[in-house]
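S.K.: So that we are looking at the same thing, I have put the structure below in structure tokens.
The values are calculated or read from the model by the stated rules, or taken from the named source; none is laboratory data. Owing to the predicted nature of the structure, the values given are computational and were not obtained by experimental measurement. Note: ideal-geometry Cβ built from the backbone for every residue, glycine included; neighbour counts use all protein chains shown. Ligands, DNA and RNA are stripped out before the accessible areas are found, and what is left, the full protein with its side chains, is counted by its heavy atoms. Shrake-Rupley method; radii C 1.70, N 1.55, O 1.52, S 1.80 Å.
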Amino acid sequence: MIHTDETTKEAVKTLEGLISILEDGKLGYTNAAEHVENSAMKTDFLEYARERALFIVELQDEINKLGKSTDTSGGGPLGALHRTWIDIKSSFTGGDTEAIINACVTGEEAAIEKYKMALEENHLEYNQVNIVSKQLNSIQNTLSLIKTKAN
């Protein structure tokens, strides 16, 4: 992809949107870990939150490589669409494991949708597509693992 101000701006906007989704997920999993009774699930949720934090750093590095600062990440349109995790917090208050798992499934499905949209928009460079694809794959694996807990 040829670097122009416009392509760089679009790539940054896309990456910032994904960062916003990841921030929501990190927060969601941290909240889930605080409210779930099962210690194994608590450990899993904290691991998923840590993974989201690592993904955020990876994407921030890509934004920095484009010459942009990540201090003012506003989330862009992708982040605005993904407020699922924030809405989910209310289902954690009862400590109902099934409700927490369902909330995590909903959050991950929304994240997957946004990741696929980011890849389809075609604003990312080859290296960024690889990173985003790898993260998407991991999020899909996490969703599968969470769904097995629901049964």
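S.K.: For region 24-45, enumerate the residues that are open to solvent by 10 Å² or more (accessible area, probe 1.4 Å), in contact (Cβ under 8 Å) with a residue 12 or more places away in the chain and out of contact with any Gly (no Cβ under 8 Å at 6 or more places or on another chain).
M.R.: Across region 24-45, the qualifying residues are Lys26, Leu27, Thr30, Asn31, Glu34, Asn38, Met41, Asp44.
S.K.: Residues in region 113-142 that are open to solvent by 20 Å² or more (accessible area, probe 1.4 Å) and not aromatic (Phe, Trp, Tyr): how many?
M.R.: 19
S.K.: Would you point out which residue out of Ala33, Ala40, Ala53, Ala80 is at pLDDT below 85 and closer than 22 Å to Val105 by Cβ?
M.R.: Answer to the selection: Ala80.
S.K.: Does region 68-77 contain any residue that is surrounded by 13 or more Cβ atoms within 10 Å (Cβ to Cβ), modelled with pLDDT under 95 and not in a loop (DSSP other than H, G, I, E, B)?
M.R.: Yes, there is a match, as at least one residue in region 68-77 is surrounded by 13 or more Cβ atoms within 10 Å (Cβ to Cβ), modelled with pLDDT under 95 and not in a loop (DSSP other than H, G, I, E, B).
S.K.: What tally of residues in region 97-112 results from selecting those that are open to solvent by 20 Å² or more (accessible area, probe 1.4 Å) and either of a type in the set (S, T, N, Q) or in contact with a His (Cβ under 6 Å, 6 or more places away or on another chain) (or both)?
M.R.: Matching residues across region 97-112 total 3.
S.K.: Quick one: count up the residues across region 9-35 that are over 19 Å from Met117 (Cβ atoms) and not acidic (Asp, Glu).
M.R.: Matching residues across region 9-35 total 9.
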